[in-house]
There are 2 protein chains.
Amino acid sequence: MSGYPPSEAARRSGFSLDTLRYYEKIGLLSGIGRTSAGRRVFTDEDLSWLVLFRCLRDTGMPIAEMRRYAELSRAGDHTTGERRELLVRHAERVEEQTRLLQRQYDHLREKINFYDRLG
Amino acid sequence: MSGYPPSEAARRSGFSLDTLRYYEKIGLLSGIGRTSAGRRVFTDEDLSWLVLFRCLRDTGMPIAEMRRYAELSRAGDHTTGERRELLVRHAERVEEQTRLLQRQYDHLREKINFYDRLG
DNA sequence: GCTTGACCTGGAGCGCACTCCAGGTTGGAG
DNA sequence: CTCCAACCTGGAGTGCGCTCCAGGTCAAGC
């Protein structure tokens, strides 16, 4: 299994180095490997976690909830039901958020149309 | 032209009383009327500003930019072009944001599907 | 006339998610 | 061997957008 330096993990995930360190500090990332000199080594699995976190953050999930999800995963296979539930509830919120965004976007376009008609 | 107390403005706009006061304090709202005793009186025009602010906030516009828009409006009719530009640029950002949200929502659904297939 | 609740002010505090900093170590290029 | 860029740590600081608070005023109902 190949390993990547922090810079590469940052580049691939879109998180800053500081954010990666922060995520480890608060226990969102855990078990990140180290070289003998103490430098982080990210595995492909770590990167796929980061991809998931990117998805959840971009859709507005609070960090506390992402951490909850990560903890459930660490707890083992018996938590898959709860993990699924968490994601489903989040997806519902995202749907609601999308509807609101669309509705307000339409208002915005109307407002722009108003200016267009002015000249 | 009818006037409404703060509680009514809050109810109709979805902003809290504190937020309404805050918006006036930072100059986003201006020229809000007062009774002789110093209580705010919101007009229909004030309410339509609040509806616009609601739209812009829900679509992620920073307050500083909303204030810029409000200032342009106060400056007079010669700023309609700039106001339109501001809204158009914002609409473009909203479109981008919507695409990202949709993309990540799809990822989320895939992840949920994965759990569904587990059991 | 008294109470209650909606309102007022200025200013402090909060929650979130980073972001930055000082001061130090390390590993590879030249 | 030297230098530089990338990395490390703990902890402080930032930006945003509110939110809360103390202490006070005022109007309406009982």
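The values are calculated or read from the model by the stated rules, or taken from the named source; none is laboratory data. Owing to the predicted nature of the structure, the values given are computational and were not obtained by experimental measurement. Cβ: placed from backbone, ideal geometry, glycine included. Neighbour counts: every protein chain shown. The accessibility values were calculated without ligands, DNA or RNA, using every heavy atom of the protein model including side chains. Shrake-Rupley method; radii C 1.70, N 1.55, O 1.52, S 1.80 Å.
Would you tally the residues in region A:83-117 being among the polar types (S, T, N, Q) and more than 30 Å from A:A64 (Cβ to Cβ)? Spell out how you get there, then give the answer.
Kept after step one, since they are among the polar types (S, T, N, Q), are these residues of region A:83-117: A:97-98, A:102, A:104, A:113.
Filter once more, so that each one left must be more than 30 Å from A:A64 (Cβ to Cβ): A:113.
Residues meeting the conditions: 1.
Any residue in region B:90-101 that is in a loop (DSSP other than H, G, I, E, B), touching a Leu at 6+ places or on another chain (Cβ under 7 Å) and modelled with pLDDT of 95 or more? Don't jump to the end; show me each part of the working.
Residues of region B:90-101 that are in a loop (DSSP other than H, G, I, E, B), as a first pass: none.
No, region B:90-101 contains no residue that is in a loop (DSSP other than H, G, I, E, B), touching a Leu at 6+ places or on another chain (Cβ under 7 Å) and modelled with pLDDT of 95 or more.
Which of the residues that make up region B:59-94 are open to solvent by 60 Å² or more (accessible area, probe 1.4 Å) and touching a Phe, Trp or Tyr at 6+ places or on another chain (Cβ under 8 Å)? Please lay out each step first, then the result.
Taking region B:59-94 as the starting set, the residues that turn out to be open to solvent by 60 Å² or more (accessible area, probe 1.4 Å) are B:62, B:64, B:67-68, B:71, B:74, B:77-78, B:82, B:84-85, B:89, B:92-93.
If the condition is that a residue be open to solvent by 60 Å² or more (accessible area, probe 1.4 Å) and touching a Phe, Trp or Tyr at 6+ places or on another chain (Cβ under 8 Å), then B:R84 is the only one that fits.
Can you tell me which residue in region B:34-46 is farthest from the other protein chains (Cβ to nearest Cβ), limited to those that are near DNA strand C (Cβ under 10 Å from one of its atoms) and loosely packed, with under 15 Cβ neighbours inside 10 Å?
Let us first name the residues in region B:34-46 that are near DNA strand C (Cβ under 10 Å from one of its atoms), namely B:34-35, B:37-42.
Restricting the remaining residues to those that are loosely packed, with under 15 Cβ neighbours inside 10 Å gives B:34-35, B:37-39.
Working: B:R34: 29, B:T35: 31, B:A37: 35, B:G38: 33, B:R39: 30 Å.
Once the filter is applied, the top-ranked residue is B:A37.
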Test: B:I26 is under 20 Å from the mean Cα position of the chain (by Cα), touching a residue at least 24 places away in the same chain (Cβ under 8 Å), open to solvent by less than 90 Å² (accessible area, probe 1.4 Å) and over 30 Å from A:Y69 (Cβ atoms): yes
Would you check if B:R54 is under 26 Å from B:L87 (Cβ atoms) and surrounded by fewer than 18 Cβ atoms within 10 Å (Cβ to Cβ)? yes
In region B:26-65, residues that are over 29 Å from A:G60 (Cα atoms) and assigned to a helix (DSSP H, G or I) total 3
Across region A:57-99, which residue is farthest from DNA strand D (Cβ to nearest atom) among those that are without any contact (Cβ under 8 Å) to a residue 24 or more places away in the chain, among the small types (G, A, S) and within 11 Å of chain B (Cβ to nearest Cβ)? A:G81
